[in-house]
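Below: one structure, written as structure tokens.
Just so it is clear, none of the values below were taken in a lab; they were calculated from the coordinates. Here the structure is a predicted model, which means the values were calculated and not measured. Positions of Cβ are backbone-derived with ideal geometry, glycine not excepted, and every protein chain shown enters the neighbour counts.
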Amino acid sequence: MSEYRIKSSGEVKTQGEIRKLNPNVSLPRVWNDNVCEALGIDPVLASPKPDASGEYKTVVRNGVEQDANGNWVYAWTERDMFTEYEEEVTEEGVTTTNVVTVQDQIDAYEAAALAKKREGLVVTMRQARLALAQENKLQLVEDAIALIPEPDKTTISIEWEYASTVERLSPWIDIMATALGMTGEEMDALFELAATL
């Protein structure tokens with residue numbers, strides 16, 4: 001969407017907004033330098049969005065600025081993704097104020113990112129077995145299944161023998177990770193390895 005800076009006020013408007021400001025003026029579809037001069041506007045050119053300087057920073061549009069050539073271009077500014085704030089919580093008719101720290105928000109953000117990553121970790125059983133064999137854990141799976149109490153043992157045995165794919169978020173994967181003495185991160189790495197095989 002084309003944007004223009006009104007010279008007299010510095011406001012930035014879209015082409016549609018400028019047309020509405022000039023209802024009695026017949027304007028062409030394509031605006032050249034002559035049209036811009038007659039309307040008292042400068043075109044705003046898109047400029048590349050810079051990369052954020054840190055993991056919990058974000059870059060957002062912040063009006064317009066002139067570049068070295070005198071063109072009006074998008075201006076960008078960097079902000080923290082999270083800031084501390086207070087929220088009111090009512091439980092059983094009692095309202096309390098909680099402080100939501102930056103670290104609380106980072107933890108929630110990372111937990112959501114991890115859940116999304118794990119949601120996408122789906123491999124075939126062939127890939128899973130190859131990864132387990134590569135990590136010298138394939139035989140340990142059979143041994144671990146034998147030690148799991150019922151009813152989980154039967155469910156996991158059926159999944160292990162007959163499923164065509166395995167999902168990282170499947171509840172039996174967490175049971176198997178515990179039985180194999182693996183952390184969640186180690187199981188993630190195993191799935192990532194399997195996806196390459």
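Here are some notes:
- Positive minus negative residues near ALA194 (Lys, Arg vs Asp, Glu; Cβ under 12 Å): 0
- Among the lysines of region 1-121, pairs that are 8 or more positions apart or on different chains and have alpha carbons within less than 27 Å of each other number 8.
- Unit charges on C-beta of K, R, D, E only; dipole of the chain, Debye: 1300
- Global geometry of region 54-152, whether rounded, prolate or oblate, following the gyration tensor of its Cα atoms and the 1.5 cut on a/c: oblate
- With 10 Å bins from 0: P(r) over the chain, alpha-carbon pairs, percent: 7, 21, 14, 14, 17, 13, 9, 4, 0
- Packing rank of 147-156, 73-82, where each peptide gets the mean count of other beta carbons within 10 Å, highest leading: 73-82, 147-156
- Placing unit charges on the Cβ atoms of the charged side chains and taking the dipole of the chain about its Cα centre, the candidate lying farthest along the positive direction among VAL35, MET182, SER170 is VAL35.
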